[in-house]
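> Take this structure first; my questions come after.
The values are calculated or read from the model by the stated rules, or taken from the named source; none is laboratory data. Everything numeric in this text was worked out from a predicted model, so none of it was measured. A quick note on method: Cβ atoms are made from the backbone with ideal geometry, for glycine too, and the neighbour counts reach across all protein chains shown. The accessibility values were calculated without ligands, DNA or RNA, using every heavy atom of the protein model including side chains. Shrake-Rupley method; radii C 1.70, N 1.55, O 1.52, S 1.80 Å.
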Amino acid sequence: MATDTLKSTTGASAASTVRRILLDNGALSALVVLVVAMSLLSGDFLTTQNLLNVGVQAAVTAILAFGVTFVIVSAGIDLSVGSVAALSATVLAWTATSEGVPVWIAVILAVATGIACGLVNGALVSYGKLPPFIATLAMLSIGRGLSLVISQGSPIPFPESVSVLGDTLGGWLPVPVVVMVVMGLLTALVLGRTYIGRSMYAIGGNEEAARLSGLRVKRQKLVIYALSGLFAAVAGIVLASRLVSAQPQAAQGYELDAIAAVVIGGASLAGGVGKASGTLIGALILAVLRNGLNLLSVSAFWQQVVIGVVIALAVLLDTLRRRAGGGSAAPAAASGASGNGRKGAAKLGVAAVCVALVVGGVSYFNSGSSGTTTKIGMSLSTLNNPFFVQMKAGAQAEAKDAGIDLTVTDAQNDASQQANQLQNFTGEGVKSIIVNPVDSDAAGPAVRAANKAGIPVVAADRGVNKADTAALVASDNVAGGKLAAKALAEKLGGKGEIVVLQGTAGTSASRERGSGFAEGLRAYPGIKVVARQPADFDRTKGLDVMTNLLQSNPRITGVFAENDEMALGAVKALGGKAGKSVHVVGFDGTPDGLKAVGAGTLYASVAQQPRELGKIAVRNAVEAAQGKKVDSVVKVPVKVVTKKNVADFS
C-alpha cells in the first residue's frame, strides 16, 4: 500500500513538474506543439537529416539573436546586426583574397569590424544621446553600403580554410550547429555569471537606479553593443562559409528575425528580462516553421502570413503566462539566488526529455511519406517579379499536365534562404530539383549536397557554379544585353546620352545583362552613358531613381533598364517624353512590358518567354528523375520585341 502511494505520489509529482515547466515556458510549449504538429503533418519532418537541417537553418539567426539578447535585456535595440554580419564577412573575403592578407589576420579583421560597428552604435547611444532605434538604423545603412562599396556589388569567394565552418564534423554533425551551441553557452555565461551580465539586467530594469547605484552606464552600453557586433561578425562568417562566398546583400532582414527570436524566447522589449535558452528556443521556432512549411508545400506568400501569426501567438502565450504569475523569465543569476541555477538546469533537462519523448513517440507512429506521386522541388530567386511569376505559372501548368507534384518556394533574393530550401528538398527526398539561383556561387554547396544524395538538379535561367547540374535551361542574358544595346543605339541613330538602370547588386542577371549591354554599346562610340544607378529590379525604385537622374541629366535621349519593371518605372518618371524624345528599352518581355511596347511608351523589350522556360525546366527535371539523358544546355530563344512584332508575343 505504501509502495502504491509512493508510486502515485511520484507520478503526480512528475506530471506536475512537466506541466509547470511547459506553463512557465511559453516558448518551449510553442516549440513542442510545433514539432508535434509538423511531425503529424509531414512524414519527412522527423528524419535525422531534416532535424540537422533545422539546426543549420536556425544557426545564423540564433547567433545574431544571442548578441541582440544583450541589447534587449539592457532595454536597447539593434537593427544593424544583419548589415554588420554582411560587412564583416565581406571584409574577411576581400582582405584574404583581393588583398592577400593571411587568413587568420583576415578573420581577426572581420571580428574587429563587427566590434567596431558595435562600439560606434554604443557611442551614438551613450554619448551622442541618440535613441537606439535611430543609431542602429543608421548603422544598418552604413554597414550595407560599405559592404557594397568593398565588394563592388559582386559576391567574393570565401577562403577555403574558413569555409569549413559551413561543413560537417564526422560527415554528419554540421559545424554551424556546433558554433551556435558554443555561442549560446557563452551568452548564458555572460548573462548569468559575469559583472557585465548583471549590469545588463540592472540597466534594463531601471537605468537611473543603476546609475545612482554606481554603475558606469555609458561604458557598460559600449560593451553591450560591442558584444552584439561581435556576435554579428561570427554569424556573418558562418553564413558566408555556408555559401562559400561573401554576399554584399546577405542577411537582409535577419535583424527582424533575431529580434523576433529574442522576444519569442521570453525577453521584454522594455528591458530587464531575457535569457540565452529562451532566445535559442525562439530561433528554433522560426526555423521549424520555415522548414515545416516548405515540406508541406505551403505557398511562399502564405508562409509569411503563417509565420507572423505563430510569432504573435507564441508571444501572446508567454504574456498570458506572465499575467497568471507563472514566474520570471530572467535567469537565476539576475535574482542572486545560488540554488536557482541548478533548478533551472534541472528544468531544462526535464524539458529536453519531454521533447525527446514526444518526438520519439510521433516518429514511431509516423514512418514517413507514403505518396507515390513523383515529387519535384523548385526554388525561385524571387516571386516579387512578374518574370519569375510567369516562370512559376509555366512550370505549374507543365507539372499539372504531367501529373507531377511540384513544390515551388520563394527565396526572396536571399542566397541563404535558398540554400535552406534546397537543403529541405534534399532531406525530403524529392525526385529532382529545379533551382533558379539567387547567386550562382552561393547555390553551389546545396546543389552539391543534392548531387551526393543522388538527386538530379536542373538550373533555370542562371547556372550553378562548382556543382553538377543535369541541365541548364536558360536564355542568354549576355546576348540579350547586346541585342538591347543594338536596338537602342539604332533607334537613337548612333548618337545621344543615355542612362542605365541596374538590377539588384550582386545578382548574376544584373551582371550579365549589364556586361552584354556595355559590350554591345562599344560598337556605337557616339552614345555616351552619363549615369548608371541600381534600382533593384523594382518598378517603384525605377521611378524614384529615374526622377532623380532627370534632374542632373535633362538631355538624355535613351534609357536601358535591366528588367521591364524598372523600365516601366522610368516610363512613368519620363511622362510625355517616353517614346517621343526619350526611348526606353527593357528586358524580360513581361505582360505589362509588352503592353507598354504596344502603346509606344516603351520602345522595346528583350523577351525571354519565361512561361516556356518554366515548362521546359519541368520537362527536363522529370526526364532526369526517370534516369533519361537530357541535354546539358537548353536554350530558350530571346528576341527584341518592338511595336512592329509585339502582337506575335502578346
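> Search segment 97-114 for residues that are within 20 Å of Leu227 (Cα to Cα) and pair each with any residue that is open to solvent by less than 50 Å² (accessible area, probe 1.4 Å) and β-branched (Val, Ile, Thr) when their beta-carbon atoms are under 7 Å apart and the residues are at least 6 apart or on different chains.
Between residues of segment 97-114 that are within 20 Å of Leu227 (Cα to Cα) and residues that are open to solvent by less than 50 Å² (accessible area, probe 1.4 Å) and β-branched (Val, Ile, Thr), the close pairs are Ala106/Thr95; Val107/Val162; Leu109/Val91; Leu109/Thr95; Ala110/Val91; Ala110/Ile237; Thr113/Val91; Gly114/Val84.
> Also: When segment 453-496 is examined, which residues are found to be polar (S, T, N, Q) and open to solvent by less than 10 Å² (accessible area, probe 1.4 Å)?
Residues satisfying the conditions are Ser475, Asn477.
> For segment 428-452, name all the residues that are closer than 28 Å to Glu255 by Cβ and open to solvent by less than 20 Å² (accessible area, probe 1.4 Å).
Selection gives Val435, Asn436, Pro437, Val438, Asp439, Ser440, Ala442, Ala443, Gly444, Ala446.
> Right, another one. Please determine, by comparing only the residues of segment 208-257 that are among the polar types (S, T, N, Q) and not in a helix (DSSP H, G or I), which one is farthest from the chain's Cα centre (by Cα).
Filtering first and then ranking leaves Ser213.
> Only one of these conditions is not met by Phe517: (1) part of a helix (DSSP H, G or I); (2) open to solvent by 20 Å² or more (accessible area, probe 1.4 Å). Which number is it?
If we test Phe517 against (1) part of a helix (DSSP H, G or I); (2) open to solvent by 20 Å² or more (accessible area, probe 1.4 Å), just (2) comes out false.
> Would you confirm whether any residue within segment 154-167 is of a type in the set (Ser, Thr, Tyr), farther than 23 Å from Ala226 by Cα and buried (at least 20 other Cβ atoms within 10 Å of the Cβ)?
No, that holds for no residue.
> Looking for something at pLDDT below 90, surrounded by fewer than 17 Cβ atoms within 10 Å (Cβ to Cβ), under 23 Å from Glu490 (Cβ atoms) and charged (D, E, K, R) - is there at least one such residue anywhere in segment 641-648?
yes
> For Glu208, which of the numbered conditions (1) open to solvent by 40 Å² or more (accessible area, probe 1.4 Å); (2) in contact (Cβ under 8 Å) with a residue 40 or more places away in the chain fails to hold?
(2)
> Taking segment 111-125, which residues are open to solvent by 20 Å² or more (accessible area, probe 1.4 Å) and among the hydrophobic types (A, V, I, L, M, F, W, C)?
Within segment 111-125, Val111, Ala112, Ile115, Ala116, Leu119, Val120, Ala123, Leu124 qualify.
> Output the residues belonging to segment 598-650 that are touching a residue at least 12 places away in the same chain (Cβ under 8 Å) and at positive phi.
Those that are touching a residue at least 12 places away in the same chain (Cβ under 8 Å) and at positive phi: Gly600, Gln609.
> Just need a number here: residues in segment 38-65 that are more than 14 Å from Val177 (Cβ to Cβ) and either touching a Leu at 6+ places or on another chain (Cβ under 7 Å) or among the hydrophobic types (A, V, I, L, M, F, W, C) (or both).
Qualifying residue count, segment 38-65: 10.
> Looking at Val107, is it more than 30 Å from Glu512 (Cβ to Cβ) and in contact with a Lys or Arg (Cβ under 8 Å, 6 or more places away or on another chain)?
In short, no.
> Also, quick follow-up: Answer yes or no as to whether Ala59 is in a helix (DSSP H, G or I), crowded, with 24+ Cβ neighbours inside 10 Å and out of contact with any Ser or Thr (no Cβ under 9 Å at 6 or more places or on another chain).
So Ala59 fits the description; yes.
> So, of the residues in segment 276-298 that are open to solvent by 40 Å² or more (accessible area, probe 1.4 Å) and within 19 Å of the chain's Cα centre (by Cα), which turns out to be farthest from Met180 (Cα to Cα)?
Step by step, filter segment 276-298, then rank; the result is Ser297.
> Sticking with this one: Going residue by residue through segment 559-577, is there one that turns out to be under 28 Å from the mean Cα position of the chain (by Cα), open to solvent by 10 Å² or more (accessible area, probe 1.4 Å), touching a residue at least 60 places away in the same chain (Cβ under 8 Å) and farther than 21 Å from Val457 by Cβ?
There is at least one residue in segment 559-577 that is under 28 Å from the mean Cα position of the chain (by Cα), open to solvent by 10 Å² or more (accessible area, probe 1.4 Å), touching a residue at least 60 places away in the same chain (Cβ under 8 Å) and farther than 21 Å from Val457 by Cβ.
> With the structure loaded, tell me whether Ala535 is within 19 Å of Gly153 (Cα to Cα) and surrounded by 15 or more Cβ atoms within 10 Å (Cβ to Cβ) or whether it fails that test.
Yes: the conditions hold for Ala535.
> Let me ask something else about it. Identify the single condition in (1) under 26 Å from Tyr603 (Cα atoms); (2) open to solvent by 10 Å² or more (accessible area, probe 1.4 Å) that Leu406 does not satisfy, given that it satisfies every other one.
Only one criterion in (1) under 26 Å from Tyr603 (Cα atoms); (2) open to solvent by 10 Å² or more (accessible area, probe 1.4 Å) is unmet by Leu406, namely (1).
> Report the residue count in segment 167-194 for those that are at pLDDT below 95, assigned to a helix (DSSP H, G or I) and among the hydroxyl-bearing types (Ser, Thr, Tyr).
Summing the residues that are at pLDDT below 95, assigned to a helix (DSSP H, G or I) and among the hydroxyl-bearing types (Ser, Thr, Tyr) in segment 167-194 gives 0.
> Evaluate the following for Gly272: is it open to solvent by less than 20 Å² (accessible area, probe 1.4 Å) and assigned to a loop (DSSP other than H, G, I, E, B)?
yes
> Quick one: in segment 80-133, which of the residues that are among the aliphatic types (A, V, I, L, M) and not in a helix (DSSP H, G or I) is modelled with the highest pLDDT?
Applying the filter and picking the extreme gives Leu130.
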